[in-house]
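Below: one structure, written as structure tokens.
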Amino acid sequence: MDLHHPSGVSNRRPIWLVSLFTFFVSVSAHASLISYDLIDLGSSQYRYEYTFTNDGSLPGGAAIELIDIAFDPVLYDEGSLNIVSASGLSADWDQNILTANLGDPVYFDIYALSGGLSSGQFLSGFAIEFSWLGGAGGPGAQDYTILDPNNFSVLASGTTGACSSWRLGPCTDTYRFPRIIPGASTPSFPPTPLRLKAALQRT
């Protein structure tokens, strides 16, 4: 399990580096809190590898404790969804596939068992494999919601960002600034019976 604090920049730096750093900070303030690498496994089989970043933008500096990532069953074969996250994450994070109600997405539901991800930290190793039903364009960004696990209020929502854009290194080991997707919607999903059911199962 990789849990990191992004390092600072030296006080002595050229003007161009100051400008570049300022630009990245500006980008990160509006960027996705969840970034992904997409691995093509062949024969319409893929794997998403996710990194979660708490950039301090959640209300009250809240930790990230409950995440739902949406899978449209029209595009993703619901029966093929298989969680393949790093084994070390299971001690601190509960991970489940929440089956879709009619007309609803399937959710990859990730719940912190102890404290979650504090401001300034990021965590890699979450992964899910699936069969793609959406044709030649291939899988891409997904809607996600970060919720307060105590009352299911929405703390943040947005669209995942590809690790190949706005990053300072590989998705799995270096703090990055996920890409902004022009015109992307940022839906706020209300609590659904699926989430309430999951909450009851945790108690």
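The numbers here are math on the coordinates, done by the rules we state, and not lab data. Bear in mind the structure is a predicted one, so any value in this text is a computation, not a measurement. Every residue, glycine among them, receives a Cβ derived from its backbone with ideal geometry; neighbour counts consider all protein chains shown.
What the table shows:
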{"quantity": "Ranking of Y111, Y36 by count of other Cβ atoms within 10 Å, fewest first", "calculated": "Y111, Y36"}
{"quantity": "Label-point gap, in nm, between S90 and E129 - each point 7 angstrom along Cα→Cβ", "calculated": "1.6"}
{"quantity": "Added length on full extension, which subtracts the Cα-Cα distance from 0.36 nm per residue, I83 to S43", "calculated": "12.5 nm"}
{"quantity": "Extension reserve of the V154-N101 stretch, reckoned as 0.36 nm per residue once the Cα distance is removed", "calculated": "17.1 nm"}
